[in-house]
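The values are calculated or read from the model by the stated rules, or taken from the named source; none is laboratory data. Everything quoted here is computed from the prediction, not taken from an experiment. With ideal geometry, Cβ positions are generated from the backbone for all residues, glycine too; neighbour counts draw on all protein chains shown.
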Amino acid sequence: GVRGSGKTTAMDEFCRILQDMHYDKKKDWWIRQTLETDDIDRLLEKRFKFYITAPIDASLLDEKDDLFELILVNIYRKFQSDLEISSGKNTEMTKVQDAIELFQEIFRMYHVSQENKLENLHDSFSLMSYLAGSYEIQGKVADLIDKLLDLTQIRYDFEYIVIAIDDLDLNLHYGYQMLE
């Protein structure tokens, strides 16, 4: 859409709607308004929770900003209170420590892979090694998400983390590299 057409407002409203999906009355209304399937009754029985991270304004980022790092930081911030609450409970302490160590491991692996990418992508073996590391990081992020959701106080049938990135198209100089 053109500048000023309400894309950010629409994204913010969509995130607000998703965030309210754990309230039964709102969930019921939205599901009935938006779906025309035989599965409505089955979906109404399920419990949903969307964890919305703080939106990232990509138009303000420059070449030294790393979108992946910002996403990880936003995920950490979203679950920081759960990490702090759980750390006071002895039974949860190992789960909290595991999650924090996984954050650190992901950051370390990511920085190593970025260094390898810049230095060693001149042959096919180095490229395969880089891609294998990227795949391993992807698996670690999935493990991290599972660990963070396990720390939340209430369990739901479906849980999702929503990462809102706004105005990436306005970052003409570095938007493509950030997506890459």
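If the condition is being among the aromatic types (Phe, Trp, Tyr) and within 17 Å of Phe48 (Cβ to Cβ), then the stretch 133-170 contributes Tyr156, Phe158, Tyr160. Of the listed requirements (1) among the hydrophobic types (A, V, I, L, M, F, W, C); (2) more than 30 Å from Gly133 (Cα to Cα); (3) in contact with a strand residue (DSSP E or B) (Cβ under 9 Å, 6 or more places away or on another chain), Leu35 misses just one: (3).
Evaluated against (1) in contact (Cβ under 8 Å) with a residue 60 or more places away in the chain; (2) closer than 20 Å to Val141 by Cβ, Cys15 falls short on exactly one condition, (2). Checking the structure you have, find out if any residue of the stretch 108-124 is modelled with pLDDT of 80 or more and closer than 30 Å to Ile154 by Cα. No: zero hits.
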